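Laboratory data are not the source of any read-out in this text; all were calculated from the coordinates shown. For clarity, every value in this text was computed on a predicted model and none was experimentally measured. Note that we place each Cβ from the backbone using ideal geometry, even for glycine, and neighbour counts take in every protein chain shown.
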Amino acid sequence: MQPEELSYDNLKHLISNFENKGRSEARSFLNWFLENIFRLDAIEADDCICDKPNDRGIDGIFVDHNQNEVIIFQGKIRQKESSIGDAPLRELAGTITQVENADAIEGLLEGGGNEDLKNLLVRLKIRELIENDFTVIGAFVSNQPLDQNGREFADSHGRIRVFDRLRISGEYIDIQAEGGVDGDFSFDTSYVAPLELQTGSGVCSFILPVQALELVKMSGIEDGKLFSQNVRQSLGNTKVNRAMRESVNDKGQHQYFPLYHNGVTILCGKAKLEADTLKISNYVVVNGAQSISTFKRVEGSLSEDLRVIAKIIELNDSELAKAITVNSNNQNAIRSRDLKSTNAVQIRLAREFEKTFEGKFDLEIKRGQDCRDDAEVITNEEAGKLLLAFDLLEPEACHLVSKLFEDKYSDIFARPAVTASRIILLHLIMQRIHYEIDGIEYKALSKYGLTRFFLLSVLRKILQIDDGATDVVKNPEKIISSETLEPLLEAISTTLKSIIIDLNYEIKDRGDTFDYKDELKNSSKVAELRSELLKSYEKELAKSKISPISSSLES
């Protein structure tokens with residue numbers, strides 16, 4: 001990303017999807033930042049943000065349990081091109097004092113701040129965390145560059161991190177981009193014989209310990225080109241980076257560095273071992289940006305004894321390069337979903353998909369699977385979420401991938417009722433939910449990742465009380481291959497409109513006490529809200545204001 005892409009006019013395009021959630025520009029920018037720079041998934045990013053006015057300067061809160069930090073976010077957008085001084089940072093410094101101790105937090109909870117902020121503080125258990133010595137950090141996010149006054153204040157304060165235009169553009173990763181450094185670089189191999197591996201057609205890799213003094217001489221560190229495909233890149237002054245700097249500063253520890261450092265992964269267009277050097281061309285670091293950036297900052301403390309294990313891979317397969325990039329940055333590189341791809345249940349479903357609905361749908365049971373170009377692809381992760389919400393009535397757990405392929409795998413997939421027809425029908429119903437969900441007036445709720453699964457669970461309860469809709473739940477293969485499919489989906493759309501109208505009234509009645517980020521993850525609250533909507537539906541049905549879904553199945 002180029003810095004100018006964060007100018008106001010360009011930024012408006014970047015954040016347009018987030019503004020559709022009904023958020024202000026600044027909070028939409030923060031939402032974009034949390035997903036693209038802070039690497040949070042969509043639901044977790046939503047959960048961090050305080051959506052309403054009178055937030056006491058707190059736009060969002062994230063708890064980093066790895067670093068024992070409570071991070072308070074402020075997002076600022078400036079339309080005019082101008083640098084950021086120390087004034088907004090001083091304001092943020094004052095803001096974070098509101099959560100620095102239990103008494104201050106209690107004051108926020110009892111004071112005049114908005115309910116969304118209070119719900120956020122309670123949901124994240126901020127008071128308990130502060131009492132357990134979590135550090136409060138301020139994070140200032142802006143689309144303009146920081147000036148010298150701002151840098152000096154942030155440095156002197158010690159607990160304020162600034163993500164300005166230059167840092168954001170440097171840390172933004174486009175996983176589809178080729179990126180990297182055009183040119184050559186050579187590693188000294190006079191002290192070691194690299195391990196050379198031939199792995200697949202056209203793929204050669206070398207594994208060897210390299211000096212940190214060599215790594216910091218690679219091109220593209222300052223402007224970020226070297227790390228353009230690194231998923232995590234440099235995350236700033238974190239506890240991990242601070243600990244690494246301490247180890248680097250202790251030269252007695254240098255000889256032990258390869259024993260406890262995970263190493264770096266470098267992809268290149270060409271790698272050639274000759275004499276006492278390993279020469280690489282057109283290279284990019286896909287794992288190890290934090291380490292190399294840290295080495296660069298403390299270059300004066302490096303010694304020839306400080307080495308890390310480097311995996312250097314020569315390949316020209318962009319899809320394989322992307323897979324290596326993702327997996328090398330994933331501590332659980334082999335995901336539970338992938339492990340289940342050889343499970344008989346998954347294989348049976350995938351083959352059944354090939355035969356069902358004239359091959360118009362494919363089930364993707366592992367990442368990187370080849371699917372037919374003309375088929376609509378449903379991942380088994382999405383299928384698991386549909387089954388969890390509809391069959392097991394647990395929409396509140398649909399963001400927990402471990403539920404799908406570990407804890408509840410058998411309950412979700414290993415049942416006679418789970419067929420290709422069932423998954424396809426649920427997929428088609430979910431498409432109707434996607435279309436109708438914009439009828440929810442509270443836009444942040446309409447865009448929330450769990451809302452669609454909650455509505456699917458409501459539809460399941462409605463179908464259960466509809467005696468004529470038995471085949472939809474029990475024998476979907478009869479529906480999916482019949483002429484009643486389209487009338488059924490139209491009836492579901494009509495029912496969804498009615499449900500959403502009632503949901504809008506429920507939200508208005510609850511006012512500021514309605515915390516959708518908490519309620520849609522709480523099984524008892526989900527059941528309570530679903531029950532209220534079901535009661536309203538039954539009243540409408542009894543008054544003949546709406547028709548049962550089963551009426552669409554009558555010939």
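Between K270 and K217, the contour length at 0.36 nm per residue exceeds the Cα-Cα span by 17.2 nm.
Here the convex hull built on the C-alpha positions of segment 3-171 has a volume of 110 cubic angstrom per residue. Modelled label positions at Q79 and K279, each set 7 Å beyond Cα in the direction of Cβ, lie 5.6 nm from each other.
For segment 447-555, trypsin sites (Lys or Arg not before Pro) meeting the loop criterion (DSSP other than H, G, I, E, B) and having at most 12 other Cβ atoms within 10 Å: K543, K545.
Multiplying the residue separation of Q198 and K251 by 0.36 nm and removing their Cα-Cα distance gives an extension gain of 15.5 nm.
Scattering from segment 450-498 was approximated by placing one identical point on each alpha carbon and applying the Debye formula without solvent; log10 I(q)/I(0) at 0.28, 0.29 1/Å stands at -1.21, -1.24.
Compute the long axis of helix 87-96 from its Cα atoms, compare it with the longest principal axis of the Cα atoms of the chain, and write down the angle in degrees, 0 to 90, nearest 10. Here the helix axis deviates by roughly 60 degrees.
Label point of E477 set 7 angstrom out along Cα-Cβ; within segment 418-461, amide nitrogens under 15 Å from it belong to 418-425. Once the C-beta distance of K443 and D182 is scaled by a Förster radius of 51 Å, the resulting FRET efficiency is 0.70 to the nearest 0.05. If R0 equals 22 Å, the separation of the Cβ atoms of I43 and S524 corresponds to a calculated FRET efficiency of about 0.65.
Taking 7 Å steps out from each Cα toward its Cβ at A344 and S402 produces label points 2.8 nm apart. Quotient of the Cα radius of gyration of the chain and 2.2 N^0.38 Å, N being its number of residues: 1.11. Taken about its Cα centre, the chain carries a charge dipole of roughly 460 debye when the Cβ of each Lys and Arg holds +1 and the Cβ of each Asp and Glu holds -1.
Multiplying the residue separation of E554 and Q148 by 0.36 nm and subtracting their alpha-carbon distance yields 138.8 nm.
Restriction of the GluC sites (Glu not before Pro) in segment 53-101 to DSSP coil positions whose beta-carbon has at most 12 other beta-carbons within 10 angstrom yields E81. With helices as the sole contributors, the chain gives -12500 deg cm²/dmol at 222 nm; each DSSP H run of n ≥ 4 counts as -39500 (n - 2.57), and the sum is divided by every residue.
Within the straight-line cut-off of under 17 Å between alpha carbons, the lysines reachable from K545 are K497, K535, sequence neighbours fewer than 8 places apart in one chain being disregarded.
Applying a DSSP loop filter and a limit of 13 other Cβ atoms within 10 Å to the trypsin sites (Lys or Arg not before Pro) in segment 14-43 leaves nothing. What the Cβ-Cβ distance of E376 and S493 gives, at R0 = 25 Å and to the nearest 0.05, is a FRET efficiency of 0.85.
Mean projection of the Cα convex hull over all viewing directions, computed for segment 400-555: 9.7 nm².
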